[in-house]
Amino acid sequence: WNLYPPFLDFITYEYMIENVMLLLKGTISGRDINELMAQCHPLGMFRESTMRAIPTFESSPKGYQDLYQTVLVDTPVGPYFSLFLQDSADKAADGHIRNVLEEVEVEIIKSTLIKYWLEDFYQFCESIGGDTFTMMAEILRVRADTNAINITLNSFGTPLNEPSMRVADRKRLYPCIGYLYPAGTQMLIDVADEEGLGRALEFFPQYSGIWNVHSFGGAGDKSIDDAFYERDVQMLELAFEGQMHFGVFYAYVKLKEQEIRNLVWISECILQQQKDEINKFVPVFSQHAPWRLKKR
């Protein structure tokens, strides 16, 4: 049980990364620091002095270096930022020059940090072993694959989809874990459009069905995000079926996030007077969940 506290810490690291990137991206658009801090996730908060210091650095390679050395070096996510800076330095040494908008740059940094976090979390769970690794390995592999698919899909129409940047930048954002890695992620590097992405995912039945939801414009008014969320909720609920493992704590946090998304959806439907759409959310621990109805 001495591994229990660090496992919970790993859960918070994701939210720390999101908070750092929220502050950086918000200052680029000139938003007030107090407004940004109010939107930060409570599980990823630093000391107030640290939070206020993050947006004071410029969005440039030197600014990110100063941010790490001055503020983030002593935080739990400091090692991930250090890896990002080292990766950037290696690319600069190879003569690679990135030419993207600042907003795109921030998203690249966020995806890179999440990649390092996922890989680190996976290795930590592997060191625990037992039922914890059995459960978390499945959850983190699917999470890594979801990130890889979304990174590819969201890159279309941006500089990241340029042939040179697919190999130099987009490739580096794909996690080195998951069911897509390495054969699937290698195929994703060459994908240039949605049709190509669909062809690549045909080799992975667990994702081809979800992709079909997107390619057909949503099956039964269901978006690709809904399909991902449904699959995630099913896995997370299964974590509660096991015993004597830490995965249930991760599952609890993520299922709470889904409940919040559901409440936001219901509230927006009421405000927009779209009450016929209210029930189009992903239920949690519901007897009417699609995967439970299939078993009947």
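The values are calculated or read from the model by the stated rules, or taken from the named source; none is laboratory data. All of these numbers come straight from a predicted model, not from anything done at the bench. Cβ: placed from backbone, ideal geometry, glycine included. Neighbour counts: every protein chain shown. Surface areas here come from the heavy atoms of the whole protein model, side chains and all, with no ligands, DNA or RNA. Shrake-Rupley method; radii C 1.70, N 1.55, O 1.52, S 1.80 Å.
Okay, here's what the table says:
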read-out: Single residue of segment 184-199 satisfying the filter (closer than 15 Å to residue 155 by Cβ and either in contact (Cβ under 8 Å) with a residue 24 or more places away in the chain or basic (Lys, Arg) (or both)) that is most open to solvent (accessible area, probe 1.4 Å); value: 190
read-out: Scope segment 249-296; condition over 19 Å from residue 230 (Cβ atoms) and touching a residue at least 40 places away in the same chain (Cβ under 8 Å); matching residues; value: 249
read-out: Candidate set from segment 79-123 (those that are modelled with pLDDT of 95 or more and surrounded by fewer than 19 Cβ atoms within 10 Å (Cβ to Cβ)); member that is farthest from residue 143 (Cα to Cα); value: 79
read-out: Matching residues, segment 168-178, being part of a loop (DSSP other than H, G, I, E, B) and either buried (at least 16 other Cβ atoms within 10 Å of the Cβ) or polar (S, T, N, Q) (or both); value: 174, 175, 177, 178
read-out: Restricting segment 128-142 to residues that are in contact (Cβ under 8 Å) with a residue 40 or more places away in the chain and not aliphatic (A, V, I, L, M), the residue that is surrounded by the most Cβ atoms within 10 Å (Cβ to Cβ); value: 132
read-out: Looking only at segment 242-296, and only at residues there that are within 27 Å of residue 133 (Cβ to Cβ) and among the hydroxyl-bearing types (Ser, Thr, Tyr), the one that is most open to solvent (accessible area, probe 1.4 Å); value: 252
read-out: Lone unmet requirement of (1) in contact (Cβ under 8 Å) with a residue 12 or more places away in the chain; (2) open to solvent by 70 Å² or more (accessible area, probe 1.4 Å); (3) assigned to a helix (DSSP H, G or I); (4) closer than 20 Å to residue 211 by Cβ for residue 181; value: (3)
read-out: Which numbered condition residue 6 misses (of (1) at pLDDT 90 or above; (2) surrounded by 15 or more Cβ atoms within 10 Å (Cβ to Cβ); (3) part of a helix (DSSP H, G or I)); value: (2)
read-out: Residues satisfying the stated conditions in segment 47-78, i.e. among the aromatic types (Phe, Trp, Tyr) and open to solvent by 30 Å² or more (accessible area, probe 1.4 Å); value: 57, 68
read-out: Count of segment 177-196 residues which are touching a helix residue (DSSP H, G or I) at 6+ places or on another chain (Cβ under 6 Å) and not hydroxyl-bearing (Ser, Thr, Tyr); value: 7
read-out: Segment 143-167, subset within 27 Å of residue 239 (Cα to Cα) and among the charged types (D, E, K, R), residue most open to solvent (accessible area, probe 1.4 Å); value: 143
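Yes/no matrix, rows are residues, columns are (1) within 24 Å of residue 11 (Cα to Cα); (2) more than 21 Å from the chain's Cα centre (by Cα); (3) not small (Gly, Ala, Ser):
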| site | (1), (2), (3) |
| --- | --- |
| 30 | no, yes, no |
| 37 | yes, no, yes |
| 49 | yes, yes, no |
| 60 | no, yes, no |
| 68 | yes, yes, yes |
| 73 | yes, yes, yes |
| 76 | yes, no, yes |
| 80 | yes, no, yes |
